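Take a look at the structure below.
The values are calculated or read from the model by the stated rules, or taken from the named source; none is laboratory data. Predicted model, so just to flag it, every value in this text is computed and none were measured. Note that we place each Cβ from the backbone using ideal geometry, even for glycine, and neighbour counts take in every protein chain shown.
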Amino acid sequence: MASNSLLKDVLAVIGVIALVLGFLKLLFDVLPKLNFFKSKFWKFLSSKIKHRSLEKKAIASNIENVINEVVTDLRKELPSGWINKVSIQWIDKEIRNEVEDGELILRIKPMESQDQNLMNGVFLFFTKALFPGTKEIIPPTIRKASVLHLSRRTISKKQPYIMKKFEKDFIEQSIQLDPNIANYIGDYTNIDKYGYFTGTYLREIHRIADNVRYTDMRSRIENEFKNILAHIKNFINSYPKTPDELWYRKGESSSYAFLLVAKPFHSNIWPYLKRAEEHYLNGIERLYVMGVNQERRFVKKIIKKITSETRYNLLELIELHKDYRGESGGIGAIFDAKALEKETEDIVDEFFDKKNDSQ
């Protein structure tokens, strides 16, 4: 009888623990803001109860926490629809159908090293997230270098203690297989210091890839991408004494121009509107407006004026981790001559009000 009673007590305790763990899992899943605490919880529990499934949950939660912080940071920096919430699933073999209900499922074969699992997770995240719908068109070297660059940027910011290991295990090994990756990563690092990598470059090559999918330009697309990268590099290197011909580029399959906004002493907005209209009359399809965070009120005014008083239509507003001066926190707007006209005043106000709240 005593043994039966003891067994019932043990089963009751196990049942309560299972119920509590189930409730906590549900709570963590429903409230994404608790990701940080979820990671800490599984780490603590796995350290107290030596069970492999709990250890896996601790590792997965840490990766989810790091990557979903990146999701939050990059959602306004990369084109709409590229970045989604991430979940980790451990597998013994590759499984297809990774995307479910708008959430990116990273299915990873677990390794003994938690650092290795984290690096694998970050790398796999960017491999799947970048260039949705155009992966098969963009040359592998350019695509792989983009993934490696953003992975390194993420790891250096979130987990800097493993950056050297990532460079050795991922970047160096990739360069051994494809030496051209080294050139691209070096250039990406330079233009990313001023916000042009995510602000302009990734958008342009994604847009071109989508447009030339079924044209003869597809066979020449790599040269077009190289020319865009060279133009951005030359623009950065010549600034602020940039010649007129470098403020825009007319390529075989796209055209774009830069408009860098800094509040002048007299606060006159007319020169910016005049330059925007000149680009439109010159047949420039896309206008990239880039401003600094410290002067966001003036930048907001310029964006609203271009929207209402030029023939460009606002396509999207973006936040950048660096502005064109190389300082943290850039603000950008993308205008397109061919985009459909839409009501944008509330969109602009909401974007800048949200930035003010986060200051």
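Taking Tyr184 as the residue in question, decide whether it is touching a Ser or Thr at 6+ places or on another chain (Cβ under 7 Å) and not assigned by TED's automatic domain parsing to the domain that holds Lys322. Working first, answer last.
Numbers: touching a Ser or Thr at 6+ places or on another chain (Cβ under 7 Å): yes; not assigned by TED's automatic domain parsing to the domain that holds Lys322: yes.
When the stated conditions are applied, Tyr184 passes them.
Just the residues that are more than 11 Å from Val289 (Cβ to Cβ) and either in a strand (DSSP E or B) or of a type in the set (D, E, K, R) (or both), please, taken from region 317-329.
First pass over region 317-329, keeping only residues more than 11 Å from Val289 (Cβ to Cβ): 319-323, 325-329.
Within region 317-329, Glu319, Leu320, His321, Lys322, Asp323, Arg325, Glu327, Ser328, Gly329 meet the criteria.
Here is a yes/no grid of residues against (1) crowded, with 19+ Cβ neighbours inside 10 Å; (2) at pLDDT below 90:
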{"residue": "Ser253", "(1), (2)": "no, no"}
{"residue": "Leu259", "(1), (2)": "yes, no"}
{"residue": "Asn293", "(1), (2)": "no, yes"}
{"residue": "Ser328", "(1), (2)": "no, no"}
{"residue": "Phe351", "(1), (2)": "yes, yes"}
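Return the pair list, or none, for Cβ contacts closer than 6 Å from residues in region 280-292 that are free of Cβ contacts under 8 Å to residues at least 40 places away in the same chain to residues that are assigned to a loop (DSSP other than H, G, I, E, B) and among the aliphatic types (A, V, I, L, M), at least 6 apart or on different chains.
Pairs found: none.
Looking for whichever is under 20 Å from Ser328 (Cβ atoms) and assigned to a loop (DSSP other than H, G, I, E, B) here; the options are Lys263, Lys241. Which one fits?
Details: Lys241 fails: under 20 Å from Ser328 (Cβ atoms).
After ruling out the rest, the residue left standing is Lys263.
Would you confirm, using the coordinates I've provided, whether Ile236 is in a helix (DSSP H, G or I) and surrounded by fewer than 20 Cβ atoms within 10 Å (Cβ to Cβ)?
Values: in a helix (DSSP H, G or I): yes; surrounded by fewer than 20 Cβ atoms within 10 Å (Cβ to Cβ): yes.
Yes; evaluated as a whole, the condition is true for this residue.
With the requirement that a residue be touching a Phe, Trp or Tyr at 6+ places or on another chain (Cβ under 6 Å) and either under 12 Å from Thr134 (Cβ atoms) or in contact (Cβ under 8 Å) with a residue 60 or more places away in the chain (or both), what does region 196-227 give you? Please lay out each step first, then the result.
Kept after step one, since they are touching a Phe, Trp or Tyr at 6+ places or on another chain (Cβ under 6 Å), are these residues of region 196-227: 197, 200, 205-206.
Selection gives Thr200, Ile205, His206.
Can you tell me which of (1) of a type in the set (Ser, Thr, Tyr); (2) at pLDDT 95 or above; (3) farther than 24 Å from Lys226 by Cα is the one Ser174 doesn't meet?
Every listed condition holds for Ser174 apart from (3).
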